[in-house]
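Report on one structure; see the data block that follows.
The values are calculated or read from the model by the stated rules, or taken from the named source; none is laboratory data. In this text, all values refer to a predicted model and were calculated from it rather than measured experimentally. Positions of Cβ are backbone-derived with ideal geometry, glycine not excepted, and every protein chain shown enters the neighbour counts.
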Amino acid sequence: MKNGFVGIGIAGCGSIGIRSALDHFKHGELNDVARITAVCDPAPGRAKAAAEKYKIPAWYESYEEMLGDANVDMVTLCSPIGLHYEQGMQAIKAGRHVHFNKTMTVETWESDDIISAAEKKGIHLVASPGVAYMPGVQRARRLILEGRLGKLSWAYADNVAGGGKFHTSEYMRVGDDPLSNVNPTWYFKKPAGGPQYDVAVYALHNITSILGPAKQVTAFSGKQYAYHEYKGEKIENEMDDSTTILIDYGEGFHVICNSVTADPMMAGELFCFPDIHGSEASIAKKRFGGEPLDHPGDHQPHVLGIHQELPERHVFEDIMQLVDLVRFGGKVDIGSPEQARHVVEIIEAGYRAARTGVVQRLKTTFEPLPISKLAAL
């Protein structure tokens with residue numbers, strides 16, 4: 001941090017790079033704290049176009065070149081999920097702190113490697129989606145820890161993948177210039193396409209933030225669409241696009257997490273937030289006793305002013321949490337790599353259970369927020 005502010009490098013100037021980082025930092029009120037100092041993208045002309053539009057001082061078509069930029073203190077990986085492991089390890093080797101957009105990695109062993117390598121080099125990691133920074137998620141956990149629901153019985157969360165016909169007709173994909181012709185092909189390809197990695201990750205972070213680490217999973221999974229169309233071309237769909245995971249928390253308490261490719265409007269404002277039922281009461285439609293868990297004025301810690309009006313606020317919050325770690329040190333409570341690894345394992349184990357018919361015992365764990373750090377009811 002030689003410049004007095006944290007220099008951020010963006011790996012990938014597509015949908016998430018634009019909406020979660022470039023659009024948030026362009027307003028300049030954070031310049032004394034953090035700035036985007038470089039962008040990179042292998043698509044011809046995209047990094048240059050982003051740098052020109054958002055007035056970024058350096059652009060690269062090579063990720064490795066960006067890591068060599070002395071003005072980059074941390075990177076946010078806005079690249080396809082299948083690249084996260086390799087790019088994360090490269091950043092750690094180069095001494096750069098890393099923010100992972102969801103999902104942190106594809107497989108659990110990759111998360112293990114990243115966490116271990118970062119610890120050895122003193123590198124800070126934050127992994128989206130840090131949805132638990134929203135007070136409503138924390139209030140749900142407080143209600144459960146205080147015993148207000150009684151003995152937990154069952155819970156359910158649904159997840160719908162892909163606005164704009166599963167990422168084929170969103171505004172950043174239907175144009176002709178480098179910033180509006182972002183091709184969605186990777187969403188349908190192995191190893192990291194499909195709605196599990198795309199959206200179930202949100203529900204699973206909500207579920208584990210509220211309930212803590214799970215014990216074991218089983219699942220059904222299958223493919224509903226053979227292909228998708230984008231600008232008149234057919235893209236073969238390689239990934240399952242309908243998966244239902246049954247998550248066991250012990251003592252007869254189970255959570256159903258369903259992820260599909262369907263009309264995104266069916267989820268609405270309750271997107272990926274679980275209903276949780278107990279012997280005495282329920283959290284349903286993000287309400288308890290008829291009262292909403294979200295209160296007027298709720299926001300994530302850094303989501304103030306103009307940022308409250310912009311999309312991908314939870315991702316911006318995670319980026320700013322890493323900025324704070326770079327500036328002040330310490331350890332992240334929410335969006336931790338350990339929780340992200342646990343979610344990766346649930347997804348990976350769900351696919352394995354569906355393939356083999358064998359219940360999968362989970363090996364990873366993490367420390368959820370204690371009651372002393374939760375938002376008040």
> For the range 349-369, how many residues meet the condition of being surrounded by fewer than 23 Cβ atoms within 10 Å (Cβ to Cβ), part of a helix (DSSP H, G or I) and not aromatic (Phe, Trp, Tyr)?
Replying inline: 5
>> One residue is enough: does the range 199-210 have a residue meeting the conditions within 27 Å of ARG139 (Cα to Cα), part of a loop (DSSP other than H, G, I, E, B) and at pLDDT 95 or above?
In response: no
>> Any residue in the range 200-220 that is touching a residue at least 60 places away in the same chain (Cβ under 8 Å) sitting within a Cβ distance under 6 Å of a residue that is β-branched (Val, Ile, Thr) and part of a strand (DSSP E or B)? List the pairs, counting only those 6 or more apart or interchain.
In response: ILE207/VAL255; ALA214/ILE247; VAL217/ILE245; VAL217/ILE247; ALA219/ILE245; PHE220/THR244
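Check whether at least one residue in the range 217-224 is within 26 Å of PRO311 (Cα to Cα), at pLDDT below 95 and either in a loop (DSSP other than H, G, I, E, B) or out of contact with any Gly (no Cβ under 6 Å at 6 or more places or on another chain) (or both), and report yes or no.
no
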> Just checking, which of ALA140, ALA157, ALA132 is at negative phi, touching a Cys at 6+ places or on another chain (Cβ under 7 Å) and either in contact (Cβ under 8 Å) with a residue 60 or more places away in the chain or in a loop (DSSP other than H, G, I, E, B) (or both)?
Replying inline: ALA157
> Given the conditions (1) surrounded by fewer than 22 Cβ atoms within 10 Å (Cβ to Cβ); (2) more than 17 Å from the chain's Cα centre (by Cα), which single one is not true for ALA214?
Replying inline: (1)
>> Cβ contacts < 7 Å: first residue on the phi > 0 side of the Ramachandran plot and in contact (Cβ under 8 Å) with a residue 60 or more places away in the chain, restricted to the range 286-304; second residue of a type in the set (A, V, I, L, M, F, W, C) and in a loop (DSSP other than H, G, I, E, B), any location; separation 6+ or different chain. Result?
In response: LYS286/PHE273; LYS286/LEU293
>> Here's a check for you: in the range 183-201, which residue that is crowded, with 22+ Cβ neighbours inside 10 Å and not hydrophobic (A, V, I, L, M, F, W, C) is nearest to ARG46 (Cα to Cα)?
In response: PRO184
> Being crowded, with 22+ Cβ neighbours inside 10 Å, under 16 Å from the mean Cα position of the chain (by Cα) and not aromatic (Phe, Trp, Tyr), is that true of even one residue in the range 137-156?
Replying inline: yes
> What are the residues in the range 182-196 that are in a helix (DSSP H, G or I) and either at pLDDT 95 or above or more than 17 Å from ALA340 (Cα to Cα) (or both), if any?
Replying inline: THR185, TRP186, TYR187, PHE188
>> Take the conditions closer than 23 Å to ARG173 by Cβ and touching a residue at least 40 places away in the same chain (Cβ under 8 Å) and apply them to ILE235. Does it pass?
In response: yes
> surrounded by fewer than 22 Cβ atoms within 10 Å (Cβ to Cβ) and either under 13 Å from GLY12 (Cβ atoms) or without any contact (Cβ under 8 Å) to a residue 60 or more places away in the chain (or both) - does that describe any residue in the range 94-103?
Replying inline: yes
> Tell me, which residue of the range 241-262 that is at pLDDT below 95 and not in a strand (DSSP E or B) is farthest from the chain's Cα centre (by Cα)?
Replying inline: ALA262
>> Looking at the structure I just gave you, is HIS307 assigned by TED's automatic domain parsing to the domain that holds ASP275 and in contact with a Phe, Trp or Tyr (Cβ under 9 Å, 6 or more places away or on another chain)?
In response: no
> If the Cβ limit is 6 Å and pairs must be 6+ apart or interchain, which residue in the range 29-51 that is surrounded by fewer than 18 Cβ atoms within 10 Å (Cβ to Cβ) pairs with which residue that is modelled with pLDDT under 95 and not aliphatic (A, V, I, L, M)?
Replying inline: GLY45/PRO178
> TYR60 versus (1) buried (at least 20 other Cβ atoms within 10 Å of the Cβ); (2) in the same structural domain as PRO292 (by TED's automatic domain parsing); (3) farther than 26 Å from PRO301 by Cβ: which is the lone unmet condition?
Replying inline: (2)
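Every residue, every condition in (1) part of a helix (DSSP H, G or I); (2) in the same structural domain as ALA200 (by TED's automatic domain parsing); (3) among the hydrophobic types (A, V, I, L, M, F, W, C), yes or no:
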{"residue": "GLU52", "(1), (2), (3)": "yes, no, no"}
{"residue": "ILE56", "(1), (2), (3)": "no, no, yes"}
{"residue": "ASN71", "(1), (2), (3)": "no, no, no"}
{"residue": "THR76", "(1), (2), (3)": "no, no, no"}
{"residue": "TYR85", "(1), (2), (3)": "yes, no, no"}
{"residue": "GLY88", "(1), (2), (3)": "yes, no, no"}
